[in-house]
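One structure is given below, encoded as structure tokens.
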Amino acid sequence: MSGPFEAITARARARLQTLEGVAEELARLRADRSERPDAASRRRVLDGLVAGLED
């Protein structure tokens, strides 16, 4: 049978895992956000090339 210390430790570990998951997701979102300007820039270049082909 687990005592109060084990129960508290288990809850703390679960919370830590949740926080680690949130931190990983935030890191992914930041990476995605930092890549977006590059993607938008590439889209503009491709749009310009397509427009040039249509002329």
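Label separation (Arg15 vs Glu54): 5.7 nm, computed from points 7 Å beyond Cα along the C-beta direction.
Segment Ile8..Asp47, full-extension length gain: 8.3 nm, with 0.36 nm per residue of separation and the alpha-carbon distance subtracted. Its DSSP H runs of at least 4 residues, each contributing -39,500 (n - 2.57), put the calculated 222 nm mean residue ellipticity of the chain at -35000 deg cm²/dmol, to the nearest 500. Per residue, the convex hull spanned by the Cα atoms of the chain amounts to 56 cubic angstrom.
Computed from Cα positions, the angle between helix 4-54 and the longest principal axis of the chain comes to roughly 0 degrees. Footprinting exposure proxy ranking of Leu46, Leu53, fewest other C-beta atoms within 10 angstrom first, gives Leu53, Leu46.
Dipole magnitude for the chain: computed about the Cα centre from +1 point charges on Lys and Arg Cβ and -1 point charges on Asp and Glu Cβ, it is near 320 debye.
Read-outs: derived from the displayed coordinates by stated rules, not from any lab. These numbers were taken from a predicted model, which means no experiment stands behind them. Counting neighbours? That spans all protein chains shown, and the Cβs are built from the backbone with ideal geometry, glycine included.
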